[in-house]
Structures are given as C-alpha cells and as structure tokens.
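Structure, as structure tokens:
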Amino acid sequence: MKTPSATLPAPLRISHFFPWQHVGDNLLDSLFGEFADNGGEALTTATVWSNRILGDPVFAAVLRQKLADHRLVMQDAHAPWSVPWDLDIVDDARRPHMIAGHRLCMSMLSDLGVRTYTMHIGAAPNYTNGGVHTDDLRERSYQTLEALLPTAESLGMILAVENAFEPSNTPEEVAGCIRHFNSPYIACCLDIGHAHIMDSEAPRAADTIGANIREKAWNNKIILKPFAETVKLLAPWIVTCHIHDNDAKADQHLLPGDGNIDWPRTMAELRQCPRLESIQNETNFCARGTSISRGCRVFRELAALIRP
C-alpha cells in the first residue's frame, strides 16, 4: 500500500486548468506546447477530461502520450461533480453507480499519475431546502467517502474535499468530513476564490454578494468568516489549492491580480499548511482572454511567495 508523504515536497507543484471543452483535439499539441514553452510543468485533469475519460478510455491513452511528448505531468484532478456525482447525492438508485464511476475514474487517472482527486460535498439541496445542510445530507457525504476510501488507499491517491460558498460546503463541513475519518487519504483542496467570497474582511459589503448565493443558497442567513480563520481551521489537511481571483461578489475565476484578493497576504497564510504540495491555476483563460504565458508567469510568482 502506498502512503502519502508527510513531508513538504520541493518545489511546490503548479498545475494548470484550461477550458478544454472550447478547443478541438487537433489543438492539444499546440496548447500543451504553449504551456511547456512558458515553463509550465503540470496540467490539472479538469472535470471535462475526467468525464470524457470515463466514456472514452482511448482518450486517456492520447493524453498520456501527449503529456510525454511535451514533458508535462498530470498529478492533480477534479472529479466529476454536480448532482449526479457529489458526495451528498440524494438519489439512492444512482448512488451505487456514482460510487462505481468515481472508483473507475480514480483508477484511470492514477494511470496518468494523478495524486489528488478534488471532490465537492454538494450544493444543490441548499438551493431548495431553505439553505440548510441537514444531518441526512452530511451522513450521505460520509457514506460516499467511506465507500471511496479503500480505492484511494490502494492507489495512493488523496481525496481532497473542496470548500465552496453554500452551507454544505463551509470550512467547518469540509473539516467535519476529514475529521470523521482521520485518514491521510482524505484531505482538503482549499479553493481561494470560493473562500474570498465568504471572507468577512473582503472589500465589499455582505449584501452585495450575488443573490443566487446570499438569497437562494443561504436563505438570506449567510455566515461569513475571515479568510485567516478558514486557513487556520483547514491548514493541517490542505494538500492542494484552487487559485483564482474575483471581486468577492461572484465566482468569476479571474487570473490572480484581476480581482481584489490580497495575494501577498493570501500566500503568506498558505505557508502555515504543512501538507501543501500543489497549487492549481483555476483561471478561466477565456473569460478575459488571458494568455498562457501570463498565467504561467503569475503562478510562478505566487508559488515563490509561498515557498521561496
């Protein structure tokens, strides 16, 4: 059985998302080459690829070859997500198939070298049940993690539970999932952009947070907390981070520097995370025409603020 390392990797790994759904496979070599030529060393398996691999195993072989051709690796992945795939799935008829799908996806991604598999607890019920994460939903998320844990252990892969901006996805709920198992194979993916929206010290008034979050997800009872407290709570378990920027009102996935996150302060907070092994560029490159060269450069600068 493989065991996750308890020591800090050096240097800090940087991996990059990209909106691959907007480009054809004939452009993969060009885009992989752009990342490599601009100092990129790793790509994240975005959900669009995780979903595709499940239905098209030949594509996994194509990715493996193209990664090798461009001397890139893929050690971080985002799991399939949303109602059919989230940890707190309420469709009991689908639950066994969902678990089997995650197991298969994890196994196929492991063959590509993936080490962290980021998962959502789930958010959909909060938008219809009055903004409450019920004991039943919480138990369902634990049951899903319990079913996936043996697969993670056998593959040496870490299930990284991600924070978001609904009652079900608070730092406390993420910590609860991790504490429930006390396993090195269940840890945290800290999403910086999501945490910024929920930061009580962010430069915006609380009532300017998007109505879909404030009114629908929280039923106008939104609870904010300082970002530093979020990091302090989750620090022992943070193995990877999704990094992107926004205006603290909506989930915009901007390149760091294009929103109002205080990045020197944010990166300083991440220094207290003893298990942090990677940061992931979750910028939507298409949102403002962000170039690959700028994305790679900005993330090298951020990594240097965490681990000079």
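The values are calculated or read from the model by the stated rules, or taken from the named source; none is laboratory data. Fair warning: this is a prediction, and the values are worked out from it, not measured in the lab. Glycine also receives a Cβ, built like all others from the backbone with ideal geometry; neighbour counts cover every protein chain displayed. Surface areas here come from the heavy atoms of the whole protein model, side chains and all, with no ligands, DNA or RNA. Shrake-Rupley method; radii C 1.70, N 1.55, O 1.52, S 1.80 Å.
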| remark: One finds, for residue 61 and residue 100 with R0 = 25 angstrom and r their Cβ-Cβ distance, a FRET efficiency to the nearest 0.05 of 0.70
| said: Show me the GluC sites (Glu not before Pro) within the stretch 103-208 that DSSP assigns to loop and that have at most 16 other Cβ atoms within 10 Å of their Cβ. | reply: 201
| Cα principal axis extents for the stretch 69-144, largest first, Å | 50, 23, 16
| the stretch 159-269, Rg to Rh (Cα coordinates; Rh as Kirkwood inverse mean 1/r) | 0.96
| request: Can you check how the C-alpha radius of gyration of the stretch 15-97 compares to 2.2 N^0.38 Å, as a plain ratio? | output: 1.25
| Rg and Dmax of the stretch 207-308 over Cα atoms: what are they, in angstrom? | 14.8, 43
| remark: For residue 59, the accessible surface traced by a 1.4 Å probe with all protein chains present amounts, in square angstrom to the nearest 10, to 10 Å²
| note | Summing -39500 (n - 2.57) over every DSSP H run of at least 4 in the chain, dividing by its residue total and rounding to the nearest 500, the 222 nm mean residue ellipticity is -11500 deg cm²/dmol
| task | Largest first and to the nearest Å, give the Cα extent of the chain along each principal axis. | result | 51, 43, 38
| request: State the antiparallel share, in %, of DSSP beta bridges confined to the chain, rounding to the nearest 5. | output: 5 percent
| task | Give me the percent of Cα-Cα pairs in the stretch 100-142 that sit more than 17 Å apart, rounded to a whole number. | result | 49 percent
| task | Using Cα pairs closer than 8 Å and at least 6 residues apart in sequence, work out the relative contact order for the chain, in percent. | result | 20 percent
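Write down the accessible area per residue of the chain in Å², having rolled a 1.4 Å probe over the full set of protein chains.
That works out to 41 Å² for each residue.
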| query | Carbon-plus-sulfur fraction of the accessible area of the chain, 1.4 Å probe, in percent? | reply | 53 percent
| query | What FRET efficiency do you get for residue 127 and residue 225 if R0 is 25 Å and r is their Cβ-Cβ distance, rounded to the nearest 0.05? | reply | 0.70
| task | Would you mind telling me the antiparallel percentage of the DSSP bridges in the stretch 149-308, rounded to 5? | result | 5 percent
| request: Give the span of the stretch 195-254's Cα atoms along each principal axis, as three whole-Å numbers ordered largest to smallest. | output: 32, 25, 20
| task | Please compute P(r) over all alpha-carbon pairs of the stretch 122-174, binned at 10 Å starting from zero, and give each bin as a whole-number percent. | result | 24, 47, 24, 5
| Accessible surface, 1.4 Å probe, highest first, among residues 137, 233 | 233, 137
| Rg/Rg_ref, the stretch 62-198, where Rg_ref = 2.2 N^0.38 Å and atoms are Cα | 1.07
| task | Could you give the size of the charge dipole of the chain about its Cα centre, using +1 on the Cβ of each K and R and -1 on the Cβ of each D and E, expressed in debye and rounded to the nearest 20? | result | 500 debye
